[in-house]
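Read through the structure below, which is laid out as structure tokens, and then see the notes.
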Amino acid sequence: MKSRLLASLSLSVCLATASTAADRPNILWFVVDDMSANFSCYGETLIETPAVDRLAREGTRFTNAYVTAPVCSPCRSALITGMYQTSIGAHQHRSGRGTEKIVLPEGVVPIPALMKQAGYYNCIGSGLPGGEVGGKKGKRAGGGLGKTDYNFEWDAALYDGPDWSKRADGQPFFMQVQLAGGKLRGGTDEAATKLSERAAAELGSAVSPDAVTLPPYYPRDPVLLRDWAAYLDSVRFTDRLVGQVIARLEQEGILDETLVVFMTDHGISHARGKQFLYQEGTHVPFVVRGPGVAKGAVRDDLIEHIDLAAVTLAAAGLPIPQTMQGRNVLAPDYRPRDAVFAARDRCDETVERIRSVRTGEFLYIRNFYPRRPHLQPNAYKDGKSIVQTLRALHEAGRLDPLSESLLFAPERPAEELYEWQRDRWQVRNLAGDPAHRETLETLRGRLDQWIAETKDRGPETDAMYDSDMKVYVGKGNPEVEKNIALMKQWAAEGR
């Protein structure tokens, strides 16, 4: 693709759209790593988040927004195209890094390419002058550009820079503010403790581990409590950065002519959160403020994060491709979804395949590899103090039955069914309950239909896996190589 991507776009459409670009709103996305909806406006009581609360107060807050993939790169690949990652072959996390490459299907164009074609100045960064994040230079590579993490070949010319300050006079901008979010707390107990100390110094206080309420399947171990407290402090730091960007928009006099969207790329990174299809992994905040957006509104209908692509094109006055799977949830004639879908596939070296469908009442999950445990070996997750602690407690026989059954059972059910509104943490699987057989069969068929209609590309080829694994092995982590051998052993055994 590379530079041919932009060149292939129709010049006639470019001329027609660019002529009116100056009359269009600026569009700014906040995209935050590894964070659930732990904000005051979403009911979190241990911390205050005035900046995101302001966006909700002055705009529309969606209570039931879900990502279609609960891990960074597939989620971001879906977001930037408005397509299910399973439909475009971008569903294996960090895939296409080796010799085998992934190219978008014909007709699928990244949103920045369409915006650039329409005369927008595309930028991606911290949202603050000089790429500074909380007084410190950002660590993202690429001349200050923010996180992209796309699982397909794309052209760096999509982005004009890290910041909108260099756009032409009167030129609207499309800005992605990429924030580290939950990653601020790091992956170790030491890093979590340091973030809490930083919160006490910079924010005037730190969340007390003793005050934290954990999901029922996590033990109240000091390591897990300190981690969750630091996570909540990472929410506070994130909110502060959001406030700084909003203040900049106000100082420049452009806040009210800018469509601002706040969301995260998936839920908290934890043993049953990130990478999994439960509420903890897929539910995200989604708040929209700007021209024409209802103020103080709260919407409870189900939406998917890929809908942001359609919202963005519509706000820019651009047509939404008929093949785009995202929908403009702000359109006057919008018909709410009656279900949303999600998928989990390989994450780094760890092979997995899970699919789900969620309605207003039920969540149905299908495990394609039920003979593999929930916490398969994974160097990324096993390097975290919280997972190491859980494994140590399991080995010592110190976990309660709920934690053992949900986190460490040697096998999983092929199907799971939850009344997710009543069962907040999805701990009571109703798939085997005769009273819910009709619901199970209905949602089973609904998922089958979605897989067929969206052309879910399913498992990756051995060639793609081997190509990517050479990259992982090359990073020098012996645990990765050991896990790759285990994945291949299980595959040979039909697990």
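The set of residues in the range 388-423 being assigned to a helix (DSSP H, G or I) and in contact with a Leu (Cβ under 7 Å, 6 or more places away or on another chain) consists of 389, 390, 393, 407. Taking residues in the range 294-308 that are within 28 Å of residue 91 (Cβ to Cβ) and in the same structural domain as residue 82 (by TED's automatic domain parsing), and partners anywhere that are aliphatic (A, V, I, L, M) and outside any strand (DSSP E or B), the pairs with Cβ atoms closer than 6 Å and at least 6 places apart or on different chains are 303/329; 305/67; 305/79; 306/78; 307/329. Of the residues in the range 71-94, none is assigned by TED's automatic domain parsing to the domain that holds residue 176, touching a residue at least 60 places away in the same chain (Cβ under 8 Å), surrounded by fewer than 24 Cβ atoms within 10 Å (Cβ to Cβ) and in a strand (DSSP E or B). Within the range 319-343, the set of residues being in a loop (DSSP other than H, G, I, E, B), touching a residue at least 60 places away in the same chain (Cβ under 8 Å) and closer than 27 Å to residue 278 by Cβ comprises 325, 326, 329, 339. Looking at the range 429-442, can you tell me whether even one residue there is assigned to a helix (DSSP H, G or I), touching a residue at least 24 places away in the same chain (Cβ under 8 Å), loosely packed, with under 14 Cβ neighbours inside 10 Å and outside the structural domain of residue 269 (by TED's automatic domain parsing)? Taking every residue of the range 429-442 in turn, none turns out to be assigned to a helix (DSSP H, G or I), touching a residue at least 24 places away in the same chain (Cβ under 8 Å), loosely packed, with under 14 Cβ neighbours inside 10 Å and outside the structural domain of residue 269 (by TED's automatic domain parsing). The residues listed here are 71, 67; of these, the one that is over 30 Å from residue 247 (Cα atoms), touching a His at 6+ places or on another chain (Cβ under 8 Å) and of a type in the set (A, V, I, L, M) is 71.
Checking the range 133-143 against the condition returns no match, with no residue being modelled with pLDDT of 95 or more and farther than 29 Å from residue 223 by Cα. Does the range 279-296 contain any residue that is surrounded by fewer than 22 Cβ atoms within 10 Å (Cβ to Cβ) and not in a loop (DSSP other than H, G, I, E, B)? No, every residue in the range 279-296 fails to be surrounded by fewer than 22 Cβ atoms within 10 Å (Cβ to Cβ) and not in a loop (DSSP other than H, G, I, E, B).
Could you say which residue among 225, 203, 232 is touching an Asp or Glu at 6+ places or on another chain (Cβ under 9 Å), surrounded by fewer than 17 Cβ atoms within 10 Å (Cβ to Cβ), of a type in the set (A, V, I, L, M) and at pLDDT 95 or above?
203
Here residue 182 passes the criteria (1) surrounded by fewer than 23 Cβ atoms within 10 Å (Cβ to Cβ); (2) in a helix (DSSP H, G or I); (3) in contact with a Lys or Arg (Cβ under 9 Å, 6 or more places away or on another chain); (4) not aliphatic (A, V, I, L, M) except the one numbered (1).
From the list 9, 15, 5, which residue is part of a loop (DSSP other than H, G, I, E, B) and modelled with pLDDT under 95?
That would be 9, the only listed residue that is part of a loop (DSSP other than H, G, I, E, B) and modelled with pLDDT under 95.
The values are calculated or read from the model by the stated rules, or taken from the named source; none is laboratory data. Given the structure is predicted, the values throughout are model-derived calculations rather than measurements. All Cβ positions, even for glycine, are placed from backbone atoms using ideal geometry, and neighbour counts span all protein chains on display.
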